[in-house]
1. Within segment 177-221, track down each residue that is modelled with pLDDT under 95 and among the basic types (K, R).
2. For segment 125-167, name all the residues that are closer than 23 Å to P288 by Cα and surrounded by 18 or more Cβ atoms within 10 Å (Cβ to Cβ).
3. For segment 247-280, name all the residues that are surrounded by fewer than 19 Cβ atoms within 10 Å (Cβ to Cβ) and either under 26 Å from V223 (Cα atoms) or small (G, A, S) (or both).
4. Among the hydrophobic types (A, V, I, L, M, F, W, C) and more than 30 Å from K132 (Cβ to Cβ): is that true of A201 in this structure?
5. Only one residue in T251, T265, T215, T233 is farther than 20 Å from L167 by Cβ, among the hydroxyl-bearing types (S, T, Y), within 24 Å of the chain's Cα centre (by Cα) and part of a helix (DSSP H, G or I), so which one is that?
6. In this structure, does L209 turn out to be over 30 Å from V122 (Cα atoms) and not β-branched (V, I, T)?
7. Out of (1) assigned to a loop (DSSP other than H, G, I, E, B); (2) in contact with a Pro (Cβ under 7 Å, 6 or more places away or on another chain), the odd one out for S210 is which?
8. Within the group T282, T265, T213, which residue is of a type in the set (V, I, T) and touching a Ser or Thr at 6+ places or on another chain (Cβ under 6 Å)?
Amino acid sequence: MSRNKERLGFEDEDILEIDENPPAAAVTAQTGGGFSWATPTEMVQLPSDGKFYPPGHPLHDTSTIEIKYMTAKEEDILTSRSLVKAGVAIDRVLENLIVDKNIDVNSLLVGDKNALIIGARVTGYGNIYETKATCPSCQEQSEYAFDLNEGAVTTPDNALEKYDATLTERNTFLIETPMTKAKVECRLLTGHDEMELFKKAQRKAKKKLSESTLTDQFRAFIVSVNGSDDVVTIASFVNAMPARDSRFLRTFYAAVSPNIDLTQTFECSSCGYSADMEVPLTIDFFWPK
């Protein structure tokens, strides 16, 4: 999520809510001995509101997605060492939970995928997320409870005006960098892009090559520079980009991406320090105590 990983249609103050009193069950699992369990489902709001998906995509102009509640089967997936090592455990869980099997998890925008991950966790273990948080002031580590239902949906509307950016007809963003004055066209990343970046980082680590996470990400979401979509031109621009332009584009991309903002107020029980903190996503997220 993304800002823990370096993260249209709703207002900035909209809140992600998962109803803990489920509606009528959508799926019934039949087991031996005549036992059956009706698995309840839930509708999760998509931060993108279905925008940025091309016509023909199952989520085009669709504001919600239906998921089943987590079961022990999904917990098995989350504990699979091979799936965790391959970085696909969460994707497999989402594949199981999404009711519409025409939806490819890898085609989801990163922000929408984050919303589903949060929604899955809430259906499985509730909206209260207890984990250890480190105080930025005294460095004391203590247990703290965060409410996942307080995650606010962020949209690109305000960011477009703030950064004087333009939304193009093909749902990309055109913006001018402050130093080089380059016209940079950006697109939103999907789960597929996220996985490709992960695999690239793994390959470099195996070969003991230097990390290039930041420039790899730039090359993934930059569509064109000054009207040229040539990959060599884009790579050359990324490698020579001044640090000020780099920071500007990273900040802009984070602001313009529809997502779930999990920033909440943290109050240290030891020193009394209080400040906004992004909810730390640890192993406790899917394995509460």
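The values are calculated or read from the model by the stated rules, or taken from the named source; none is laboratory data. All values reported here derive from a predicted model rather than from experimental measurement. Neighbour counts are summed over all protein chains in view; Cβ atoms, including those assigned to glycine, are modelled from backbone coordinates with ideal geometry.
1. Correct list: K199, K200, R203, K204, K206, K207, K208.
2. Across segment 125-167, the qualifying residues are N127, Y129, A133, C135, Y144, F146, L148, G151, A152.
3. Residues satisfying the conditions are R247, R250, T251, A254, A255, S269, S270, G272, S274, A275.
4. no
5. Details: T251 fails: farther than 20 Å from L167 by Cβ; T265 fails: part of a helix (DSSP H, G or I); T233 fails: within 24 Å of the chain's Cα centre (by Cα).
T215 is the lone residue from the list that is farther than 20 Å from L167 by Cβ, among the hydroxyl-bearing types (S, T, Y), within 24 Å of the chain's Cα centre (by Cα) and part of a helix (DSSP H, G or I).
6. Taking the combined requirement at face value, the residue satisfies it.
7. Every listed condition holds for S210 apart from (2).
8. Values: T265 fails: touching a Ser or Thr at 6+ places or on another chain (Cβ under 6 Å); T213 fails: touching a Ser or Thr at 6+ places or on another chain (Cβ under 6 Å).
When all the criteria are applied, what remains is T282.
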